[in-house]
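Here the structure is laid out as structure tokens; the discussion comes afterwards.
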């Protein structure tokens, strides 16, 4: 039932994007998220959208699969779009039909915000789709390493992150199983009033919490019996390797930002 | 309630890179009141098949007929609830579904969902607590304070509580000690006979399949490959082996004894008791 959800999932592959070093990818996505806010006119938003589609193409992700998996989020985007259509009342009046009045500025703002949202979601999804959770945390740990000097528990944070990522699919499976068991007992999540529906979530959440806590305890014991005691002196099986393509995407990023600044409307 | 599967096919995550075919053209027919065992190696599609039997999964191809309702890929979710009222499933490790504050409330969850009046549901809960051999005072305890075996029984009671006419058991005794295992299997057998249930048991235990079932369905790599009475299925050891399945212990022992005695022992012995009396009879015959 939850099998179509792709947010946070990893699909192994061998494209240019897959082979990038996780550090460069993380850095790129993080900076890209900031750069998205530079866009403020049609040209810059079009550039962002085109660039994102190009990345999807290079990563060889099927568009249908991507959008099908992001359906719940697309719904949110469409909702935002409609809100802008209805509530922004600036610029020329475009449509005036009974009580519905849509203004030019509303349409423009709605589309801009939707593209911004879409681009952000797509980029982060591409990151998780093309990078294994282990690489992401390794990259994160290395990137944050300098912060150890100010006593930030970098290794522990990375471990927490990798454990959470590791358990997303497990918890999804678990949810699916419990959901099926409760559905078989006549629980109904798809009909009834909002209050009834909220109440119907309880039989799902309680067992899920119980098993999550139990799992956490088991995991802690399993780690301890194998002698885990934090990051001190710990080495890695897979060494990170910065290559020409990693330098290349940082250069591409600089060009992208330059283009955005050049195209962006003055205010 | 008769259940028929016609050319049922199912793929998980259809249309994504994760697409995985779990069932191909599975066929089966389960008569009302029968006790059917579904056996197969791990990953043979047993569990996927079982989810089709009360509409938790809709076939991507073919049709499942339950009573007079037919479920196909196009069936709407709303129509499925009535089916679930009639078909109860005891999942693997059913204790994971417990969530209420008290045992009584948890057992009543199913019946209340299916519109059974509260008093009747409460009464049913207490009957089941007795029937499953749980202590009377358990009703007001939290299900999370119980032992593993007790939790399992409470969870089973939660399914029996709405009196389904078809009962599906997915390895209901996994992880129990041998005695608890036997008690639970005997209980299901008793219910099957007394209440006239249609029982479907998914199991790894050839012994349970041989002892309780009157029909056996063999799954292999997503296909239904064999079906028949226990005598027919376990009589064909060669073919079972090709599906990576063995014989029940009593039948395997019978074969060894037959080799030793140099003559057949007659009918297939599906339980230890049958085996013992067959050997005794053969020995007596030999003395004379």
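Condition first: in contact (Cβ under 8 Å) with a residue 60 or more places away in the chain, touching a helix residue (DSSP H, G or I) at 6+ places or on another chain (Cβ under 7 Å), away from chain A (no Cβ under 11 Å) and not in a strand (DSSP E or B). Can you find one or more residues in region B:1-13 that meet it? Yes: one or more hits. Take the conditions (1) touching a residue at least 40 places away in the same chain (Cβ under 8 Å); (2) under 17 Å from the mean Cα position of the chain (by Cα); (3) under 20 Å from residue A:258 (Cα atoms); residue A:34 misses just one of them, which is (1).
Might you let me know whether region B:34-43 holds any residue that is assigned by TED's automatic domain parsing to the domain that holds residue B:153, farther than 30 Å from residue B:149 by Cβ and out of contact with any helix residue (DSSP H, G or I) (no Cβ under 9 Å at 6 or more places or on another chain)? Give the derivation first.
Just the residues of region B:34-43 that are assigned by TED's automatic domain parsing to the domain that holds residue B:153, to begin with: B:34-43.
Okay, now just the ones that are also farther than 30 Å from residue B:149 by Cβ, so none.
No - not one qualifying residue is present in region B:34-43.
Residues of region A:176-191 include none that is more than 19 Å from residue B:92 (Cβ to Cβ) and more than 14 Å from chain B (Cβ to nearest Cβ). Counting only residues that are over 23 Å from residue B:196 (Cβ atoms) and either surrounded by fewer than 17 Cβ atoms within 10 Å (Cβ to Cβ) or within 12 Å of chain A (Cβ to nearest Cβ) (or both), how many does region B:64-80 have? Matching residues across region B:64-80 total 9.
Of all residues being surrounded by fewer than 19 Cβ atoms within 10 Å (Cβ to Cβ) and free of Cβ contacts under 8 Å to residues at least 40 places away in the same chain in region B:166-188, which is nearest to residue B:32 (Cα to Cα)? Just the residue, please. Selected residue: B:186.
Looking only at region A:253-265, decide whether some residue is outside any helix (DSSP H, G or I) and surrounded by 13 or more Cβ atoms within 10 Å (Cβ to Cβ). Yes, that holds for at least one residue. Within region B:229-248, the set of residues being touching a helix residue (DSSP H, G or I) at 6+ places or on another chain (Cβ under 6 Å) and assigned to a helix (DSSP H, G or I) comprises B:230, B:234. Just to be sure before I move on: is residue A:148 without any contact (Cβ under 8 Å) to a residue 40 or more places away in the chain, more than 23 Å from the chain's Cα centre (by Cα) and not assigned by TED's automatic domain parsing to the domain that holds residue A:220 in the structure I sent? It is false that residue A:148 is without any contact (Cβ under 8 Å) to a residue 40 or more places away in the chain, more than 23 Å from the chain's Cα centre (by Cα) and not assigned by TED's automatic domain parsing to the domain that holds residue A:220.
Could you tell me whether region B:115-126 includes any residue that is without any contact (Cβ under 8 Å) to a residue 40 or more places away in the chain and at the interface with chain A (Cβ under 9 Å from one of its Cβ atoms)?
Here is the first cut: in region B:115-126, the residues without any contact (Cβ under 8 Å) to a residue 40 or more places away in the chain are B:115, B:117-120, B:122-126.
Cutting the leftovers down to at the interface with chain A (Cβ under 9 Å from one of its Cβ atoms) gives us B:115.
Yes, some residue in region B:115-126 is without any contact (Cβ under 8 Å) to a residue 40 or more places away in the chain and at the interface with chain A (Cβ under 9 Å from one of its Cβ atoms).
Residues being away from chain A (no Cβ under 11 Å), touching a helix residue (DSSP H, G or I) at 6+ places or on another chain (Cβ under 9 Å) and not in a strand (DSSP E or B) are entirely absent from region B:84-99.
So which of A:117, A:65, A:85 ends up being surrounded by 17 or more Cβ atoms within 10 Å (Cβ to Cβ), touching a helix residue (DSSP H, G or I) at 6+ places or on another chain (Cβ under 6 Å) and under 30 Å from residue A:163 (Cβ atoms)? Reasoning before the result, please.
Values: A:65 fails: touching a helix residue (DSSP H, G or I) at 6+ places or on another chain (Cβ under 6 Å); A:85 fails: under 30 Å from residue A:163 (Cβ atoms).
It is A:117.
At least 2 residues that are within 14 Å of another protein chain (Cβ to nearest Cβ) and within 27 Å of residue A:23 (Cβ to Cβ) in each: list the helices (runs of 4 or more DSSP H) lying fully within region A:55-149 that qualify. Please lay out each step first, then the result.
Numbers: elements: A:63-69, A:71-87, A:104-130, A:133-144.
Passing ranges, in order: A:63-69, A:104-130.
Counting the residues of region B:204-217 that are within 11 Å of the chain's Cα centre (by Cα) and over 15 Å from residue B:240 (Cα atoms) gives 3.
The values are calculated or read from the model by the stated rules, or taken from the named source; none is laboratory data. Given the structure is predicted, the values throughout are model-derived calculations rather than measurements. Here Cβ is always computed from backbone atoms with ideal geometry, including for glycine, and neighbour counts include all displayed protein chains.
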